[in-house]
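Only the coordinates and a few stated rules stand behind these numbers; no lab work does. Just so it is clear, the model here is predicted, and its values are computed rather than measured. Backbone-built Cβ (ideal geometry, glycine too); neighbour counts: all protein chains shown.
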Amino acid sequence: MEIIQIVAISIIAVVLAVLIRQHRPEIALQISVVTGLLIFLTVIIKLASVLEELQGFVGRINIDMAYISTIFRIVGIAYIAEFGAQVCKDAGENSIASKIELAGKVIILVLAVPILMALMELIIQIIP
Amino acid sequence: MDVNIIFKIGAIGILVAALYMVLKSTGREELALMAALGGLVVVLMMVIQMISELFENVRTMFHLY
Amino acid sequence: MIIKLFGCLIIMACSTSGGYLLAIGYTRRVRELRVFQQALQVLESEILFTSTPLPQAVLQIASRLDRPVDRLFGLFGHILEQRVGHTAGEAWNMAIDGTRDLLCLDREDIDIVRSFGQNLGSTDKENQEKSFRLVKYQLETQLRKAEDKRNKNEKLCKNLGFLLGAALVTLLV
């Protein structure tokens, strides 16, 4: 059962990080980053297969692929922004974390604007 | 899932802490600071590789190119 | 797997013992300086108060000292005994060069010892006394400096050796 492995590794990493934090907080930060990375890299393969399933399913429905890829991109950006923000918060740099979140939101907005515009067009067309 | 890297980083952290204390107690503080920075750089090298792998994966997976 | 473990052990053993050797150098230097002081004290009393001839006095001292300083005096007495015509100063320098590798003394210490030897047996009693006093004073200063150095560096070297070995093992494993 992989979840047990993941949890075990996380607990060990947490103990290590707590031990080292008093002496070398920067290295404790690296430990937490690396643990997160390891866990993510482990599950990303499963995630990839789920996404492909989704893509195949959506391909059968008649929706423009651009919309779906936009959705994927937005999810990806959200994930990376969250990762970065969490690392900053872990290190105590809350201001940098909030700036990262702001940047993520802006970029997602920029990506979503064409879809919103298309939606607006549609609505305007319907309303006389 | 190469878990050994976590232990490596942990061991380097402990070693750097011990080295720092030893060097400080014998008065060579500059050397202690340099050792701490060196340890940090080494660990950073190891972590940056993993981070770039992460970004590569996320990019290809979510079609972010 | 077991080869890896073996390699790690070897690396750790080597670097720990390397640090240890460096640390021991400091302890030995302090000890040798002390033994040297003792030897000079005895030499002084032999030369100035009992007027023993130099080779005999030196060989007597050599028999009573511990290694490795006794080798220096032993070689010195030996060269003098051969009566090949070296002056005491030359014989002293030859003895120093011969035993230099065995001693853990610093360059400064060796220079002080050498300059002492130049005055040995070449001037009258009063000047010998002065030269003895000078060298004793210089050696005392050196001893104190050596002790300071030892206190600072001994533990440092030992720990450093161990930690560097551990660092190497961690990076290479």
Charge dipole of the stretch C:33-152 about the Cα centre (unit charges at C-beta), most positive-ward option of C:58, C:103, C:88: C:103
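Hey, what did chain A get for relative contact order, percent, Cα under 8 Å, at least 6 apart? Each step should come with its number before you reach the end.
On the way: 54 pairs, mean separation 21.0, N = 128.
Relative contact order here is 16 percent.
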Ranked C:4, B:8, criterion: other C-beta atoms within 10 Å, fewest first: C:4, B:8
Between 0 and 90°, nearest 10: helix C:125-172 axis offset from chain C longest Cα axis: 10 degrees
Local net charge near residue A:31, Cβ-Cβ under 12 Å (Lys/Arg +1, Asp/Glu -1): +1
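Would you please give the FRET efficiency between residue B:21 and residue A:8, computed as 1/(1 + (r/R0)^6) with r the Cβ-Cβ distance and R0 = 30 Å, to the nearest 0.05? Don't skip to the end; give the middle numbers.
Working: r = 31 Å, r/R0 = 1.02.
Result of the calculation: an efficiency of 0.45.
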Relative contact order (%) - the stretch A:1-61, alpha-carbon pairs under 8 angstrom, separation at least six: 24 percent
Across B:24/C:158; C:136/C:158; A:46/A:89; B:24/C:149; B:24/C:152; B:24/C:145, pairs whose alpha-carbon gap is larger than 23 Å: C:136/C:158; A:46/A:89
Relative contact order of chain C, pairs being alpha-carbon contacts under 8 Å that are 6 or more residues apart, as %: 39 percent
Angle between chain C longest axis and helix C:69-81 axis [Cα atoms, degrees, rounded to 10]: 40 degrees
Fluctuation leader among C:29, C:144, C:64 - chain C, Gaussian network, Cα springs under 10 angstrom: C:64
Local electrostatic count at residue C:27 - Lys and Arg +1, Asp and Glu -1, tallied over other residues with Cβ under 9 Å: +3
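What ranking of A:49, A:32 emerges when the number of other C-beta atoms within 10 Å of each C-beta is taken as an exposure proxy, fewest first?
On the way: A:49 10, A:32 20.
The order, fewest Cβ neighbours first, is A:49, A:32.
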Angle in degrees between helix A:25-60 and the longest Cα principal axis of chain A, rounded to the nearest 10: 30 degrees
Local electrostatic count at residue C:67 - Lys and Arg +1, Asp and Glu -1, tallied over other residues with Cβ under 11 Å: 0
Per-residue [θ]222 nm for chain A (sum of -39500 (n - 2.57) over DSSP H runs n ≥ 4, rounded to 500): -32500 deg cm²/dmol
Partner chain coverage, peptide A:19-30 - average Cβ within 10 angstrom: 6
Of C:156, C:75, C:43, the one that fluctuates the most in a GNM where chain C has Cα springs shorter than 10 Å: C:156
Choice from A:53, A:101, A:82 showing the highest fluctuation, given a GNM over chain A with Cα pairs closer than 10 Å: A:53
C:71, A:60 arranged by Cβ crowding within 10 Å, fewest neighbours leading: A:60, C:71
